[in-house]
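The next block holds one structure in the form of structure tokens; read it before the comments.
The values are calculated or read from the model by the stated rules, or taken from the named source; none is laboratory data. Every value quoted in this text rests on a predicted model; they were computed, and no experiment measured them. Note: ideal-geometry Cβ built from the backbone for every residue, glycine included; neighbour counts use all protein chains shown.
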Amino acid sequence: MPHTPIKLSRLAQYLPIVGWLQTYRRQDINDDVFAGVITAILLVPQGIAYAILAGLPPQLGLYASILPPVAYAVLGTSRTLSVGPVSIAAIMIAGVLTTTEVSALGDPVQSALILSAECGVMMLLMAVLRLGGLVNFISHPVLAGFTSGAALLIIGSQLPQLVGLKAPSCGVELDCYSRYLSGIDPATSLISLASLVLLLLFGKPITSLLKKTGATLSLVTAVSKCGPLLVVILATLAVIRFNLAAQQVAVVGNVPAGFPELGLAFIDLKKIELLLPYAAFIALIAYVESVAIAKVTANLRGQKIIPNQELIALGVANLAAAVSGGMPVAGGFSRTMVNFSAGARTQMAMLIAAGFLGLAVIFFSPWFADIPKSALSAIILVAVFRLVRIKHIFHTWNYDRADGMAEAVTLLGVLILGIEEGIALGILLTIASHLRKTSHPHIAIVGRVPDTEHYRNIKRHSVETWHHLLLVRIDESITFANISFIEDYLDAELRRRPDTRHIVLIFTSVSDIDTTALEALELFNQSLQASGKTLNVAEAKGPVLDKLQKTDFIEQLKPGKVFFRTEDAVKSLG
């Protein structure tokens, strides 16, 4: 018995569900049941809508909302992340399925299942290689630009659905598009308009009204998040009542009742090879998005997310989607925030939501057939519109122009070149910007603040200086990438100050000096000594001194010295 807690603790490292079940309380089940019901209400229309957005039969979105959340609930470290079909992944899947080489192979359902399986395998492989830290290699501006660009693509893809337009069968001539626009269907447009109005009413207006009446937060959340389901119900009743399906109003169509057989019958080696690069990219974006969302809610409750364990959980969730006939999955922002706002304490809420959705698939699938696609497009539109953050680009630009440019280029790249090319361009631009900053470090000539031992930049403060003593603070590690810039800076300053006899390099911010930089410093020291000047070092960190002491650099400095403080250097050389 004494060893049981230790065993459970070790087991919880691999199965996080064990950890939160140990501390589960009666109050938790009440909160989780409520949150689970609310999330299930959102899962039904979103599951169908995102499958259609991806160009897939609606059941693939529903199937992806049952077993994958269960797999994540067992293995994931976020207590509130809602895993299932998401808009960004859906538009990426649609892009893959419409490529010439993939569409030529036919059977988009099989391709989607292979993508799910490959995403799962890629994530598990990343977990084995301990690549959870990859989430840090996509900067927030790039991710924000990508999200805004993808959201705009989604909005653009749904606008024709809102008015009942079908893909144009003619060329790009003006006459063609005039005929194309004449195909707007009044009934479809009316359903879309009514759906949008109702969805918007269930946003801030109803939320504000309920808050003014003194309603509890849980009631406000419950009512405000019922909008999508109410839209689907009312739109479907309108289609049935007025027989609109026979009047060119596009509907979901038949949705098979029950579950598909579990298995790997979809495996096709030719398709696996073709789809692998696309799956790798979807897996990376799905992981980054999911961890980013999970961190938001975890931080609000003082909880911790383990990135590598998230790879395992999301990998298994995608494999579960593949074997159960579902499309690739990730953490969804809107559903997660609904789950969190509804009071979910643990992943029990998602287990409950998955259970309700399973019942819906078994018993209510025939009811989904007459759901108008325009109502689902309205739900998608309202859900993704908040992801378009054009103002954020200007905010980023004002703070850091390089990051602002990366965000804008990523957005434009996604819109003009494509999703994969756009985000790749953003990442490359971010890396290039980082390399440029590293190769052009901030360097300051410093002086002493009067009556203190503090040393500050002479361009920012009124400080004391010495005509024969040059104090230089380098605010970056010294490497092959920036040593030439540093040398040029020092040479320029020495030309401006011909009376300088002693140079002190202040290494407060220097964490490393690589071999190339060390050799350059040795040559610089030799040239100074030849001209009767000394090179000195102050405030070097322990690890830097340890490396320098393994060489004869400190000996070569003589008569220059290594000082513990800048003040010591000034007292000795000033």
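Taking only region 486-515 into account, find how many residues are part of a helix (DSSP H, G or I) and more than 20 Å from Gly542 (Cα to Cα).
Count: 11.
So if I check each of Ala330, Ala283, which one is touching a Cys at 6+ places or on another chain (Cβ under 6 Å), under 22 Å from Ala54 (Cβ atoms) and surrounded by 20 or more Cβ atoms within 10 Å (Cβ to Cβ)?
The match here is Ala283.
For residues that are touching a residue at least 60 places away in the same chain (Cβ under 8 Å) and in a helix (DSSP H, G or I), scanning just region 242-266, find the one that is surrounded by the fewest Cβ atoms within 10 Å (Cβ to Cβ).
Gln247
Condition test on Gly227, is it surrounded by 18 or more Cβ atoms within 10 Å (Cβ to Cβ), closer than 30 Å to Val288 by Cα, modelled with pLDDT under 90 and touching a helix residue (DSSP H, G or I) at 6+ places or on another chain (Cβ under 8 Å)?
Considered against the rule, which asks whether it is surrounded by 18 or more Cβ atoms within 10 Å (Cβ to Cβ), closer than 30 Å to Val288 by Cα, modelled with pLDDT under 90 and touching a helix residue (DSSP H, G or I) at 6+ places or on another chain (Cβ under 8 Å), Gly227 comes out as yes.
Identify the single condition in (1) surrounded by 14 or more Cβ atoms within 10 Å (Cβ to Cβ); (2) under 36 Å from the mean Cα position of the chain (by Cα); (3) of a type outside the set (A, V, I, L, M, F, W, C) that Asn457 does not satisfy, given that it satisfies every other one.
So Asn457 meets the others, but not (2).
Among Val316, Val288, Val296, Val338, which is assigned to a helix (DSSP H, G or I), out of contact with any Leu (no Cβ under 9 Å at 6 or more places or on another chain) and of a type in the set (Val, Ile, Thr)?
Val296
Out of curiosity, is Ile474 at pLDDT 95 or above and among the aliphatic types (A, V, I, L, M)?
Criteria met by Ile474.
Look through region 90-138, keep the residues that are touching a helix residue (DSSP H, G or I) at 6+ places or on another chain (Cβ under 7 Å) and outside any helix (DSSP H, G or I), and return whichever of them is surrounded by the fewest Cβ atoms within 10 Å (Cβ to Cβ).
Only one residue tops the list, namely Arg130.
Any idea how many residues of region 480-514 are touching a residue at least 24 places away in the same chain (Cβ under 8 Å) and out of contact with any strand residue (DSSP E or B) (no Cβ under 8 Å at 6 or more places or on another chain)?
Residues that pass the stated criteria total 9.
With Leu53, Leu15 as the choices, which residue is modelled with pLDDT under 90 and assigned by TED's automatic domain parsing to the domain that holds Thr216?
Criteria check complete, one pass: Leu15.
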